[in-house]
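> Structure incoming, see below.
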Amino acid sequence: MQTYQEQRHYSPEEYLQLEETAEYKSDYINGLIIPIAGGTTNHNRIALNVSTELNFAFKQQDYGVFMGDVRLWIPQQRIYTYPDVMVIAGEPIYWDNRTDTISNPIVIIEVLSESTAGYDREGKFQAYRTIPSFGEYVLIDQTRIYIEQYSKTAKKRWSLCEYDEEDESITLISIPFQMSLADVYNKVKFGETQKN
């Protein structure tokens, strides 16, 4: 579970100022600053595998792929966060003219960590659903072959698909993209100690 840096509340402006000089990234949730847990090699490999395949697939198409260093602003929830992978259509919509913060993802992909899995499935997903452009959420387990894919089917309606076999492929609904689970989990070593 992520721990709070302090119990005092910060304005979004104070958070952004602190984040510019911070040694480690933190999320901002309605006034609270929450340090982000460090990643594992499995986490990193999965995020890199997926973002590399997405980037290659969209080389000649009008989609952009961003990894964990680009921040997302969710105005209705007053949240700044760093999704593992985001895909946008067309040009990024920069929040407050900051080129490090966007607000228009179509697809968000999170690699689950033991400490954040509950929040990724519930709190984050609920917050992401307030983003008008957002239409698909993919959660990838790093400790076993298992992916959850949530796709928006209508206003306030989402469908769930689950994948748990290496010979399966995941096909995204919001964008033209398909990837085998073997490629998602390429070079991932299960059973290694995960500390995040």
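The values are calculated or read from the model by the stated rules, or taken from the named source; none is laboratory data. On a predicted model such as this, the values are computed, not experimentally measured, just so you know. Ideal geometry is used to build each Cβ from the backbone, glycine not excepted, and the neighbour counts take in all protein chains shown. Areas reflect the complete protein model, heavy atoms only, side chains present, ligands, DNA and RNA absent. Shrake-Rupley method; radii C 1.70, N 1.55, O 1.52, S 1.80 Å.
Residues are listed down the side, and each one gets a yes or a no for (1) without any contact (Cβ under 8 Å) to a residue 24 or more places away in the chain; (2) surrounded by fewer than 17 Cβ atoms within 10 Å (Cβ to Cβ); (3) part of a strand (DSSP E or B):
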position: Ile131; (1), (2), (3): no, no, no
position: Phe134; (1), (2), (3): no, no, no
position: Ile140; (1), (2), (3): no, no, yes
position: Ser151; (1), (2), (3): yes, no, yes
position: Glu162; (1), (2), (3): yes, yes, yes
position: Glu165; (1), (2), (3): yes, yes, no
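> Within the range 91-98, does at least one residue satisfy the condition of being among the acidic types (Asp, Glu) and open to solvent by 50 Å² or more (accessible area, probe 1.4 Å)?
The answer is yes; a qualifying residue exists.
> Looking only at residues in the range 31-72 that are part of a strand (DSSP E or B) and without any contact (Cβ under 8 Å) to a residue 24 or more places away in the chain, which one is least open to solvent (accessible area, probe 1.4 Å)?
Val65
> If you don't mind, another one. Mind listing whichever residues of the range 94-117 are outside any strand (DSSP E or B) and under 14 Å from the mean Cα position of the chain (by Cα)?
Result: Ser103, Asn104, Pro105, Ile106, Ser113, Thr116, Ala117.
> State all residues of the range 167-195 that are among the hydroxyl-bearing types (Ser, Thr, Tyr) and either open to solvent by 80 Å² or more (accessible area, probe 1.4 Å) or free of Cβ contacts under 8 Å to residues at least 60 places away in the same chain (or both); if no residue qualifies, say none.
Ser169, Thr171, Ser180, Thr193 - these are the residues of the range 167-195 that are among the hydroxyl-bearing types (Ser, Thr, Tyr) and either open to solvent by 80 Å² or more (accessible area, probe 1.4 Å) or free of Cβ contacts under 8 Å to residues at least 60 places away in the same chain (or both).
> May I pose another question? Would you mind finding the one in Lys156, Lys152 that is of a type in the set (Lys, Arg), under 21 Å from Asn104 (Cα atoms), modelled with pLDDT of 95 or more and out of contact with any helix residue (DSSP H, G or I) (no Cβ under 9 Å at 6 or more places or on another chain)?
After ruling out the rest, the residue left standing is Lys152.
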